[in-house]
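The values are calculated or read from the model by the stated rules, or taken from the named source; none is laboratory data. If you're wondering where the values come from, they're calculated on a predicted model, not measured in any experiment. Here the Cβ positions follow ideal geometry from the backbone for every residue, glycine too, while neighbour counts run over all protein chains shown. Protein only, heavy atoms only, side chains kept; ligands, DNA and RNA dropped before computing areas. Shrake-Rupley method; radii C 1.70, N 1.55, O 1.52, S 1.80 Å.
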Amino acid sequence: MANSKRKNRGNGILIAFLCLPLAVIFCFTIYYSSLDSVNKVTLSTPSADSVSFESESEVSFFVSMLKNALPISSAMRDVSGEDPVYITLHPGDDPLEYKLYPSLNLSGCLLIDPEGDLFVLETETAKKLLLRSEFDYLYSSYFLPTLSVVSGENEYNVAPIDCSWEYYKTDGNKYSYTPEALSDGSETFVILKGLDNYLKFTPDGEVRPYEMTDISYIADNGSEYSIKDISQLDLSFDTVLDVSFSVNWSGMNGAQASGNAKYKFKIIYDIPATITLSANELTAGDVLVLNATHLNESEEFSLKTALNTASLKFGMTDKSKGVALLPIGLANKSGEYTLEIITGVGSINETIKVNDRESTAWIPIDVTTEQYEEMLSTAKMQEFRDTIAAATSSRPEENHFNFETGKLNRPVGDKVPVFTFGQTINLGTTSADGDSGERICEGVVYELDAGTSVRSAQSGKVVFSGNLAPTGNTVIVYHGYGIYSYYYHLEELIVQVGYTLNDGEILGKAGTSGFTNGKTVLHYAISIDGVFVDPMWFYN
């Protein structure tokens, strides 16, 4: 009986073993039948969006390629760093996705099926596949090398003005290559003296040797320089150079590509700006002047500092000279401050000392409850500040006068102000919202005769003209270099936004609008990019 059981068990194992090939055949039959029912193929390469094929010939090509792929036990190379091509078959509602890692080595096109099994494409199939336009990206190392102008960390690609180029594909035939775009020769690139400046081709010229001919470097003053590369430029002045040359790559020694290209472009040879400070010791409310030489309008700077000031912006005063004004706001405490000026070639570090303004006693002013609520409350003051901040938030491009040769003038002649910049005023009242009544004079205030003319401190454009609760009829003028002048309490508004004033032109008359305590006054203020400074600084 036992022998009979062992015999039956042995027969079962034998039957299962004999049925295994049938199961494999059954699985492959289902698998291949699904391939035979494919009606669309989607191809997605690393260099382009997905494209779908539905024609019988195209679908047949991909299905045949996958059917004839040869199984392998392990990958012939590490493809973890490669981007695959996704081939998706659509036999119905359940698409099949394959990953292909193509190679210009015809025996190295690795295929991974939906189950994760490995295959390699047949050589002839791989050759046909790699001739398709979707796979042109694989030949990118055979295309015309990319020329770059390098200046320090900046790198600019340069397109040729003309090009003739051929390369080999896997069938052994030559194909023509045309760059995506040709230049008209007007491209301009900036290189800075003191940086590592050079021209380079990618792939590296040592890997793909080339010869440069017809080299020309001509400066805007007509001087011609006998050099082969921008690395050989070492000038003591800013200039613009017209650069042109031809480059030839030989097809000898088994080169996979060859041809020639012509280049023409301009280079701005720029000596980094030299910056000097007007002073190293200032008082809160003063203006720190930064003078720059070898400056051009395209140079960019930034400032790192704990100083309460505005951003660093230079305005041109001459062809290669400029000035930046840094306001020392009243919020700055006395002490030393470091200025780190970041340029295109590094940083400039300077230390300045800021002193407090001389302290003055509070000046009391009697204000009625009605006057406070109407013109001087916390809400009215905030509305006033928001309005003038909006009017001065964006520095206009135009400078209406030359800061190096011009100056700001007093709007009412040599009149002596009754309130000076930084003085503290006590309104003599308190309010339910906790307002202490303390106000800081951010300009100078003149008491004047009725009808006194108020003149523009310099030429400039009106950026605000309107009535504000604390300051009444108010005009704000932009002069350039970040300088705004403010004229409060005018009798009436006779200039409108957009109007351009000449230096010293009358823009109104002293008046009693806003809060003036019944007196005819002019409250005059100046800010640099919205940070208020002492107007008297400009007259010293």
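Just a few scattered comments:
- Centroid-to-centroid separation of the stretch 318-362 and the stretch 388-460 [C-alpha atoms, Å]: 21
- Where the chain is the region considered: accessible area per residue in Å², 1.4 Å probe: 52
- Accessible area of the chain belonging to carbon and sulfur atoms, whole % at 1.4 Å probe: 48
- Measuring only protein heavy atoms, the 1.4 Å probe finds Glu492 accessible over about 100 Å².
- FRET efficiency, Thr276 to Ile218 (Cβ-Cβ, R0 30 Å, nearest 0.05): 0.35
- Structure-based [θ]222 nm, the chain - -39500 (n - 2.57) summed over DSSP H runs of at least 4, per residue, nearest 500: -4500 deg cm²/dmol
- Binned Cα-Cα distances of the stretch 429-497, short to long, each 5 Å bin given as a whole percent: 3, 13, 21, 22, 17, 10, 7, 5, 1
- Here each label is just a point 7 Å from Cα along the line to Cβ, and for Val289 and Ser347 those points are 2.8 nm apart.
- Helix runs (DSSP H) in the chain reaching 27 Å along axis by Cα, Kyte-Doolittle at least 0.0: 2-36
- Ranked from largest to smallest solvent-accessible area, with a 1.4 Å probe on the protein heavy atoms, Phe135, Phe53 come out as Phe53, Phe135.
- Modelled spin-label separation between Val418 and Ser183, with each label point placed 7 Å from Cα along the Cα-to-Cβ direction: 6.7 nm.
- Sorted largest first, extent of the chain alpha carbons per principal axis (Å): 127, 81, 44
- Solvent-free Debye calculation, one equal scatterer per alpha-carbon of the stretch 276-364: log10 I(q)/I(0) at 0.23 Å⁻¹ equals -1.16.
- The label-point distance for Glu383 and Asp113, in a model that sets each label 7 Å from Cα toward Cβ, rounds to 7.9 nm.
- Column: log10 I(q)/I(0), Debye, Cα scatterers of the stretch 322-392, q = 0.19, 0.24, 0.28 Å⁻¹: -1.02, -1.11, -1.18
- Calculated on C-alpha atoms, the gyration radius of the stretch 234-391 divided by its Kirkwood radius gives an Rg/Rh of 1.28.
- For the stretch 305-436, the relative contact order is 24 percent, taking Cα pairs closer than 8 Å that sit 6 or more residues apart in sequence and dividing their mean separation by the residue count.
- Annotation: extensible slack from Ser231 through Ser141 equals 29.8 nm (criterion: 0.36 nm per residue apart, minus Cα-Cα distance).
- Note that the stretch 232-247 has calculated 3J(HN,Hα) couplings of 8, 7, 8, 10, 9, 8, 6, 7, 10, 10, 8, 10, 8, 6, 10, 10 Hz, one per residue in order, obtained from phi through the Karplus relation 6.51 cos²θ - 1.76 cosθ + 1.60 (θ = phi - 60°); glycine and proline are x.
- Cα-only Debye scattering, the stretch 346-495: base-10 log of I(q)/I(0) at q = 0.14 Å⁻¹: -0.88
- In Hz, Karplus ³J(HN,Hα) per residue of the stretch 265-272 (6.51, -1.76, 1.60; θ = phi - 60°; x = Gly, Pro): 7, 10, 10, 8, 8, 10, 7, x
- Cα pair distances exceeding 23 angstrom across the stretch 82-226, given as percent: 56
- The listed residues Ser148, Ser513, Ser223, Ser50, once ranked by accessible area (1.4 Å probe) with the largest placed first, stand as Ser50, Ser223, Ser513, Ser148.
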